[in-house]
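Trainee: This structure is in structure tokens; I'll ask about it shortly.
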Amino acid sequence: MASQIFKSGTSIGANIREAQNAESKPDFIHKFKISAKEADEVYYWLLLCEKSEFYPTPDETLIDELNSIILIISKIISSSKKN
């Protein structure tokens, strides 16, 4: 599970960095959508950790920060679609 969290978590930032060099607006939006999916996947893994007796419970601050990141990414996607 730790490996999955690491892969998904680092992919969020990597795709946002790629979006900064996007070739077009649709490409920019696409890369942010990938980041949104990866953030959602991290959230899923953290919930599994929380429910499992074999893994440590994630710190509530971590989940709150992840939710903030998800909201920011969603806002960037929706704003980009409008402009």
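Trainee: Kirkwood Rh, the chain, all Cα pairs: how many Å?
Mentor: 13.4 Å
Trainee: Given a Förster distance of 25 angstrom, what is the FRET efficiency for residue 63 paired with residue 14, based on the Cβ-Cβ distance and rounded to 0.05?
Mentor: 0.70
Trainee: Assigning unit charges at the beta carbon (Lys, Arg +1; Asp, Glu -1) and nothing else, what dipole magnitude in debye, to the nearest 20, does the chain show about its Cα centre?
Mentor: That gives a dipole near 560 debye.
Trainee: Kindly count the pairs of lysines across the chain whose alpha carbons are less than 21 Å apart, treating pairs on different chains or eight or more residues apart as eligible.
Mentor: 18
Every number in this text was worked out from the coordinates using simple rules, so none of it is lab data. This structure is a prediction, so every number in the text was calculated from the model and none was measured. We place every Cβ from the backbone using ideal geometry, glycine too, and count neighbours over all the protein chains shown.
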